[in-house]
Amino acid sequence: MEDILVPLFFFASVFGFPLIRREMIHRHQMERLRGEARSESRADPVPDPALDDTPALALRLPEPQRLYALALLCRLQDAPYDRLDAPAQFVIRQARLEYLPATLRAYLNLTPGARQALTERGQPPETLLQEQLEQISRGVEDVLAADQGATRRLLTQGHFLRDRFSKGEGLREKMRA
C-alpha cells in the first residue's frame, strides 16, 4: 500500500500544487476586480482628492462667504450619491466639480480694478459671491429634496400591481360566469 501512496502523494503535490496556486491567484484577481468595480460604481463625486483645489479656494474667501462655501462643499461631498437617480447625481456632481470651483475662482481672480468697477455699479463682489453660492445651494437642495428615483420606483410598483391584480379580477369574473 505504501508503494502506491508515496508516488501518488508525490505526483499530487508536483502537479496539484501549481493548479491550486493558479486557482487561488485567479480567485484573488477576480475578487480584486469586483472590489474595484464596486468602488467605481459608488459614484464618488471627486475622482482624485489631490487634484481638487476647491477646499483651498474656499479657505481664501472672506469670512461670511468662507463659512457658507465650506458648508456647501461639505453638503455636496456628503450627498447620498448611491441613492440618487442619474439626473440628480449629475446635477450634484456638476455642482461639486464645476459650478462651485468656477464660482470661487471667478471671485478670487478679480483684479482691484474689476472690484472697484463692480462696487461703483452698486454690486459689491462679496454680495455677488454670496448670491451665487446661495443659488448653488438652492439648486442642490431642490435636487436632494426631489428624490425622483424613489418616486419612479413607487409609481412603477403601483403600475405593476395594478396590471397584475386587474388581470386577476378579470379571470375571477370569467370563472364565475
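Taking segment 107-122 as the search range and keeping residues that are touching a residue at least 12 places away in the same chain (Cβ under 8 Å) and in a helix (DSSP H, G or I), which one is nearest to VAL143 (Cα to Cα)?
If we filter segment 107-122 for residues that are touching a residue at least 12 places away in the same chain (Cβ under 8 Å), which is where we start, we get 107-108, 110.
Subsequent filtering for residues that are in a helix (DSSP H, G or I) retains 107-108.
Working: TYR107: 25, LEU108: 28 Å.
Among those residues, the one meeting the criterion is TYR107.
Can we say GLY122 is open to solvent by less than 80 Å² (accessible area, probe 1.4 Å), on the phi > 0 side of the Ramachandran plot and not aliphatic (A, V, I, L, M)?
On the way: open to solvent by less than 80 Å² (accessible area, probe 1.4 Å): yes; on the phi > 0 side of the Ramachandran plot: yes; not aliphatic (A, V, I, L, M): yes.
Spelling it out, GLY122 is indeed open to solvent by less than 80 Å² (accessible area, probe 1.4 Å), on the phi > 0 side of the Ramachandran plot and not aliphatic (A, V, I, L, M).
Since GLU141 meets every condition but one in (1) acidic (Asp, Glu); (2) at pLDDT below 90; (3) loosely packed, with under 15 Cβ neighbours inside 10 Å, which condition does it not meet?
(2)
Taking the options LEU70, LEU33, name whichever one is modelled with pLDDT of 80 or more and surrounded by 15 or more Cβ atoms within 10 Å (Cβ to Cβ). Break it down into steps so the answer makes sense when it comes.
Working: LEU33 fails: surrounded by 15 or more Cβ atoms within 10 Å (Cβ to Cβ).
Going through LEU70, LEU33 in turn, the sole match is LEU70.
Considering segment 48-106 alone, what residues qualify as being hydroxyl-bearing (Ser, Thr, Tyr) and either in contact (Cβ under 8 Å) with a residue 60 or more places away in the chain or in a loop (DSSP other than H, G, I, E, B) (or both)? Please lay out each step first, then the result.
Just the residues of segment 48-106 that are hydroxyl-bearing (Ser, Thr, Tyr), to begin with: 54, 68, 81, 99, 103.
The one that is hydroxyl-bearing (Ser, Thr, Tyr) and either in contact (Cβ under 8 Å) with a residue 60 or more places away in the chain or in a loop (DSSP other than H, G, I, E, B) (or both): TYR68.
Could you grab me the full set of residues in segment 96-114 that are touching a Pro at 6+ places or on another chain (Cβ under 9 Å) and open to solvent by 70 Å² or more (accessible area, probe 1.4 Å)? If you could, list the steps in order and put the result at the bottom.
Taking segment 96-114 as the starting set, the residues that turn out to be touching a Pro at 6+ places or on another chain (Cβ under 9 Å) are 96-97, 107, 110, 114.
The answer is none; no residue qualifies.
Among the listed residues ARG21, ARG83, which satisfies the condition of being surrounded by 10 or more Cβ atoms within 10 Å (Cβ to Cβ), at pLDDT below 90 and under 30 Å from ASP142 (Cα atoms)?
On the way: ARG21 fails: under 30 Å from ASP142 (Cα atoms).
Exactly one of ARG21, ARG83 is surrounded by 10 or more Cβ atoms within 10 Å (Cβ to Cβ), at pLDDT below 90 and under 30 Å from ASP142 (Cα atoms), namely ARG83.
When LEU72 is evaluated against the numbered criteria (1) touching a helix residue (DSSP H, G or I) at 6+ places or on another chain (Cβ under 6 Å); (2) more than 21 Å from GLU126 (Cα to Cα), which criterion, by number, is the only one it fails?
Evaluating LEU72 over (1) touching a helix residue (DSSP H, G or I) at 6+ places or on another chain (Cβ under 6 Å); (2) more than 21 Å from GLU126 (Cα to Cα) leaves (2) as the failure.
The values are calculated or read from the model by the stated rules, or taken from the named source; none is laboratory data. What you see is a predicted model; the values in this text were computed from it and never measured. Neighbour counts run over all protein chains shown; Cβ positions are idealised from the backbone, glycine included. The protein model used for the area step is the full one, side chains on, heavy atoms only, and it has no ligands, DNA or RNA in it. Shrake-Rupley method; radii C 1.70, N 1.55, O 1.52, S 1.80 Å.
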